[in-house]
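Since the structure comes first, as structure tokens, the remarks are kept for the end.
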Amino acid sequence: MSKTPRQMSLIAFMQAQNCTNYAGSWRHPDSMTDSLSPEYYQRVARTLEEGKFDMAFFDDRLAIPDIYGNSHRDTVKYGVRATKLEPTAVLMAMAMATSRLGLGATYSTTYYEPYHVARLYATLDLMTKGRVAWNVVTSMNDSEAANFGHEEHLEHDLRYDRADEFMEVVMGHWDTWADDAIINDKASEIYADPDKVRRLDHQGTYFKSRGPLSVPRSRQGNPVILQAGQSGRGLTFAARWAEVVFCKYPTLEGGKKQYKGLKDAVANAGRDPSLLRIAPELKIIVGETESIAKEKRDLIASLSRPIDGLTMIGETLNIDFSNRPYDQPFTDEELAAVSWQSLRDKVIQVSGKKNPSVRDFVEASGRGTLNDGPCFVGTPTQVADQMQEWFENACDGFVLSGTTVPGTYEDIVRLVIPELQRRGIFRKEYPGTTLRDTLGLRRPNAGDWKKGAQ
């Protein structure tokens, strides 16, 4: 009997805002303009579920980009990620239009409390019948800090120390109800067994939280943990907690090294690396012919503006580039203070300079352009060939970024997914009802996270 080939995971990289992470997407003549309505997200959700996507997840920031020039004016004027809706509310609008699609949303461990996050996501998981993921972030800039009453953002490694304890509290709260605690026996007038509901009574360095949580466990146990740590302290955090890792591969060869490094880190943390899904970000521009695909790419590329990159780099690095000489190298001290360290490391690697300048950050990062990460352009066969090569050598699937909405995802579902299905590397039907079923992740038992068993 032949063995079923390993199945690729496909995750849509969503933004609850006026554009995708490609800021110029809103300028495309075919992009929808009703991003402040539920119909916008529900149309995309139905398309993704028709294509049997694993999940859609929402990136988020807790401030609009306003570090460039210490002002929000350019962000608002040019629509550079200018609106940011609360992602879990948008997630629920999509949930009501689907029944199998997984749904993830970003929440910060720096500016929220563990009990609130535990209660929110446990409720979301119940209301979606086990289809939710939490994208764990530590946030990245002073603008976010200012919105929560702080003078500046926490230092990088300190944020992750706090995040580790934050995760311990959230996971602990998710375990306060046993799976069989609820009895619902009307005859004896017993709703639940009090011996199977316990307090957490956590007291640590950063948090004190009693419990028990007011929300029982869902059919998938607890929400799936999504994270984007790629280097240094973030990699250590991902190795301990993540079940799906969203990453960036500049090249296939670099991806092979990152893939092995993360899988090894997970094994060293005492977890089974086969239960971790690693998915690099990818843009796809596909057409019925190669010339059609290239025409689409040229139009999409023409939508980028210099202000997009300058605004987005300032947001992610927590640095105002507006008054800095374009070719002045950053000092070692300035580079050490950069918030997004994996992006800094990428720029150093691509530019070949130990102390890159603003020009190097703009050109090497590709922020705000189609050069920000790999972009596969071509016919369905050409795109699937590249995806299969990466999948067989360096990843478990892909996080697919939109360049037009809903066009990107409609094209992928109509043209690329049938080719992947023909090759036997992508599903034709959902295997179950929960996100864990779709991802091939086991349902965790209470306390598994303490043993490193995810």
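From the list Gly407, Gly314, Gly366, exactly one residue is buried (at least 21 other Cβ atoms within 10 Å of the Cβ) and within 27 Å of Arg61 (Cβ to Cβ). Which is it? The unique qualifying residue is Gly314. If you go through segment 62-73 and pick out every residue that is of a type outside the set (Phe, Trp, Tyr) and buried (at least 21 other Cβ atoms within 10 Å of the Cβ), you end up with 4. Of all residues being closer than 27 Å to Gln388 by Cβ and of a type in the set (S, T, N, Q) in segment 1-56, which is nearest to the chain's Cα centre (by Cα)? Just the residue, please. The extreme case among them is Asn21.
Residues in segment 82-105 that are touching a helix residue (DSSP H, G or I) at 6+ places or on another chain (Cβ under 6 Å) and under 19 Å from Ala145 (Cα atoms): Ala82 only.
Candidates Arg219, Arg159: the one that is surrounded by fewer than 20 Cβ atoms within 10 Å (Cβ to Cβ) and closer than 30 Å to Val399 by Cα is Arg219. In this structure, does Gln421 turn out to be modelled with pLDDT of 95 or more, assigned to a helix (DSSP H, G or I), among the polar types (S, T, N, Q) and out of contact with any Pro (no Cβ under 9 Å at 6 or more places or on another chain)? For Gln421, the condition - modelled with pLDDT of 95 or more, assigned to a helix (DSSP H, G or I), among the polar types (S, T, N, Q) and out of contact with any Pro (no Cβ under 9 Å at 6 or more places or on another chain) - is met. Under the condition of being closer than 14 Å to Tyr112 by Cα and among the hydrophobic types (A, V, I, L, M, F, W, C), which residue from segment 147-177 is modelled with the lowest pLDDT? Filtering first and then ranking leaves Leu154. The helices (runs of 4 or more DSSP H) falling completely within segment 311-409 that include 2 or more residues that are assigned by TED's automatic domain parsing to the domain that holds Glu290, of a type outside the set (Gly, Ala, Ser) and touching a Pro at 6+ places or on another chain (Cβ under 9 Å) map to 380-394.
To keep it simple, each residue is scored yes or no on (1) assigned by TED's automatic domain parsing to the domain that holds Leu439; (2) assigned to a loop (DSSP other than H, G, I, E, B); (3) closer than 30 Å to Arg442 by Cα; (4) not aliphatic (A, V, I, L, M).
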residue: Val245; (1), (2), (3), (4): yes, no, yes, no
residue: Asp264; (1), (2), (3), (4): yes, no, yes, yes
residue: Pro280; (1), (2), (3), (4): yes, no, yes, yes
residue: Ile284; (1), (2), (3), (4): yes, no, no, no
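What residue, among those in segment 317-342 that are charged (D, E, K, R) and touching a helix residue (DSSP H, G or I) at 6+ places or on another chain (Cβ under 7 Å), is surrounded by the most Cβ atoms within 10 Å (Cβ to Cβ)? Here the residue is Asp320.
Quick check on my filter: what residues within segment 139-161 are under 12 Å from Arg61 (Cα atoms), touching a residue at least 40 places away in the same chain (Cβ under 8 Å) and not acidic (Asp, Glu)? Of everything in segment 139-161, those that are under 12 Å from Arg61 (Cα atoms), touching a residue at least 40 places away in the same chain (Cβ under 8 Å) and not acidic (Asp, Glu) turn out to be Ser139, Met140, Asn141, Ser143, Asn147.
Residues that are among the β-branched types (Val, Ile, Thr) and over 21 Å from Arg305 (Cβ atoms) within segment 320-367 comprise Thr331, Val338, Ile348, Val350, listed in sequence order. Per this entry, Leu335 is counted among residues that are free of Cβ contacts under 8 Å to residues at least 40 places away in the same chain, hydrophobic (A, V, I, L, M, F, W, C), touching a Lys or Arg at 6+ places or on another chain (Cβ under 8 Å) and closer than 25 Å to Gly254 by Cα.
Residues that are in a loop (DSSP other than H, G, I, E, B) and among the charged types (D, E, K, R) within segment 121-132 comprise Lys129, Arg131, listed in sequence order. Only one entry of Thr75, Thr128, Thr110 meets the criterion of being in the same structural domain as Asn222 (by TED's automatic domain parsing) and either touching a Phe, Trp or Tyr at 6+ places or on another chain (Cβ under 6 Å) or modelled with pLDDT of 95 or more (or both), and that entry is Thr128. Taking the criterion of being surrounded by fewer than 23 Cβ atoms within 10 Å (Cβ to Cβ) and among the basic types (Lys, Arg), the only residue of segment 124-139 that qualifies is Lys129.
The values are calculated or read from the model by the stated rules, or taken from the named source; none is laboratory data. Everything numeric here is computed off the predicted structure, so don't read it as measured data. Methodologically, a virtual Cβ is constructed for each residue, glycine included, from the backbone with ideal geometry; neighbour enumeration extends over all protein chains shown.
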